[in-house]
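Accompanying notes for the structure given below.
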Amino acid sequence: MLPDVGPDASLDNRGTGFGWTSRSTDRNEGIDPKKGLPWPLSELEFAEMQRFSVTTTDLQPDCRDIQIEGELDLAVAGQLDEVLTAAVDECSRVLVGLERCAFIDSSGIAVILRAHNRMEENGSRLAVYGATDQVERILSMTGLTANGLVFHSAEEAVSAIGEPAI
């Protein structure tokens, strides 16, 4: 079933693949006080509509951690590209955390690989860590888990990218 694209529909980053969500004006819509979920959505429907977000933290001088939350697909890959481009320009070491990334498609993988390749050209390092089981399976199918780019933990990734260049 296609999403409602009537006058109350709006484009937003919920990772649906279409980017559309319906804004109902129905009086019955609200928060289910028992579950704290938007009603009348089920827990599964609510989980499937995860918002995408990117947060950055400077861990040390010249080392930035970028956390991805939600579904990383074509609809939101540009947001990550902007954040990674800034990190590549400003840091010699970049970590990308996928612990809260529920899904990644080829566009998200391409953004990460472009940043990785730019950093390698500059003698810098990028490492991905903490992928969920589903995301790790996708990364494994593409061969990225075998090339030293993807690590299980933040500690392994930090160790792999080493100390900042002097």
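A short reminder: the numbers here are calculations on the coordinates, not readings from a lab. What you see is a predicted model, and the numbers here were worked out from it, not measured in a lab. So basically every Cβ, Gly included, is an ideal-geometry build from the backbone, and we count neighbours across all protein chains shown.
Taking 4 °C and 1.567 mPa s as conditions, the range 53-161 diffuses translationally at an estimated 96 µm²/s according to Stokes-Einstein applied to its Kirkwood radius (Cα pairs). Loop-located GluC sites (Glu not before Pro) in the range 55-140 (DSSP state not H, G, I, E or B) with no more than 14 neighbouring Cβ atoms inside 10 Å do not occur.
Amide hydrogen proximity for L59: with H placed 1.01 Å from N in the peptide plane, the residues at 5 or more positions away or on another chain lying under 5 Å are R64, D65.
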